[in-house]
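Written out below as structure tokens is the structure these notes cover.
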Amino acid sequence: MNTNFTGSPTNATSRAEAEAAARRASAKPGRTIRVTIKRCDGPGKPSRWESFKVTVERGSNVISVLQQIAANPITIEGTPTTPVVWDSGCLEEVCGSCTMVINGRVRQSCSCLMDDYAPGEGDEITLEPMSKFPVIRDLWVDRSRLFHNLKRVKAWVPIDGTYYAGAGPREKPAQQDTRYVLSTCMSCGCCLEACPQFNVEPDEKNWDQSFIGAHAISQARLFNMHETGKQLADQRLDALMGPGGVSDCGNAQNCVKVCPKKIPLTESIAAMGRAVTIHSVAKFFNLK
Ligand code: SF4
Ligand code: SF4
Ligand code: FES
């Protein structure tokens with residue numbers, strides 16, 4: 001269920017869910033649909049569109065449709081082609097690897113039900129790779145920059161795992177509650193795909209100066225709130241204070257609308273913006 005920024009369900013969301021439920025209920029078993037896919041044979045190669053006719057049963061998802069196409073890669077015009085390539089792992093919206101743009105909206109393909117998107121005979125669904133990451137092949141993109149940006153904010157708890165260090169510091173339940181939702185980030189890239197401030201940067205040398213993204217800002221908040229993770233708090237704030245940091249966010253709020261885990265990204269951005277301001281003032285007066 002989508003929520004507004006205060007965490008309450010919105011009327012628009014309830015209406016959308018009711019409409020989706022009606023579509024699912026009306027979905028016809030054994031229907032034939034048209035699947036149109038943006039294809040690309042490799043990095044730097046030109047893209048092209050290909051369409052396929054696929055028979056779908058109720059409850060099938062985009063991955064099962066792609067599997068059918070891979071097993072029989074013949075276009076709607078009857079031309080043999082190469083099997084479509086995509087990335088996936090968990091098949092339960094946990095790993096984030098199957099993210100693609102479906103009917104113009106970025107989301108996970110494993111949790112995308114055909115009954116929602118193409119419930120009727122002859123319906124069409126369009127699949128494209130995310131546009132903010134380099135395409136490796138077809139629907140498979142290289143999300144290395146997303147993970148690089150997590151390294152920029154040291155998104156981990158610094159512990160020496162070579163010996164037993166005993167129980168960690170205690171946390172208050174309210175703090176755990178706040179951190180729990182932040183910890184559900186699966187590095188899927190939806191927030192980056194939707195963000196007008198995050199654009200393709202092919203030159204790795206520029207990554208450290210380019211906008212870091214809502215996911216990394218939120219993970220910095222998560223680890224700065226962690227009783228052991230906060231040992232690196234100043235270094236995370238330094239990273240967010242620099243070029244491409246939190247001040248590059250244009251507050252378009254697209255990220256929070258597309259996050260599949262309903263992470264309050266704008267709340268994280270505001271919290272880290274405040275923390276960066278306090279940090280920079282403290283540094284200016286040599287208090288750090
Ligand atoms: S709020 Fe900031 S991070 Fe989120 S989409 Fe807008 S510019 Fe991007
Ligand atoms: S913050 Fe949300 S949209 Fe962004 S990478 Fe994490 S789970 Fe995906
Ligand atoms: S396959 Fe893991 S999120 Fe879809």
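A few remarks follow.
- Rounded to 5, the percent of DSSP beta bridges in region 1-158 classed as antiparallel: 85
- Put in order of Cβ neighbour count within 10 Å, fewest first, the listed residues Cys195, Cys90 become Cys90, Cys195.
- Scaled to the globular estimate 2.2 N^0.38 Å, the Cα spread of the chain, given as radius of gyration, is 1.13.
- Residues Tyr164, Tyr117 arranged by fewest to most Cβ contacts within 10 Å: Tyr164, Tyr117
- Take every pair of alpha-carbon atoms less than 8 Å apart whose residues are at least six positions apart; their mean separation over the length of region 11-140 yields a relative contact order of 33 percent.
- Here Lys28 is the anchor, and the aspartates and glutamates within straight C-alpha reach of less than 15 Å, apart from those fewer than 8 places off in the same chain, are Glu57, Asp115, Asp116, Glu121, Asp123, Glu124.
- Secondary-structure-derived ellipticity at 222 nm for the chain, considering helices only, amounts to -10500 deg cm²/dmol, per-run term -39500 (n - 2.57) for DSSP H runs with n ≥ 4.
- For region 11-28, backbone phi angles converted through the Karplus equation (6.51, -1.76, 1.60; θ = phi - 60°) give residue-by-residue couplings of 4, 4, 5, 4, 5, 4, 5, 5, 5, 5, 4, 5, 4, 4, 5, 8, 4, 8 Hz, Gly and Pro being listed as x.
- Positive-pole candidate from Gly245, Gln209, Val258, dipole of region 196-270, charges at beta carbon: Val258
- Positive-end extreme of charge dipole, the chain - chosen from Cys195, Ser51, Ile69 (charges on Cβ): Cys195
- Exposure proxy ranking, count of Cβ atoms within 10 Å, fewest first, for Ile74, Ile217, Ile125: Ile74, Ile125, Ile217
- Structure remark: mean-square fluctuation, Gaussian network model of the chain, C-alpha springs under 10 Å; the largest value among Lys38, Lys205, Lys53 belongs to Lys205.
Every read-out reported here was derived from the displayed coordinates using simple, explicitly stated rules and does not represent laboratory data. Here the structure is a predicted model, which is why all the values come from computation and not from measurement. In this analysis, Cβ positions are derived from the backbone assuming ideal geometry, glycine residues included, and neighbour counts consider all displayed protein chains.
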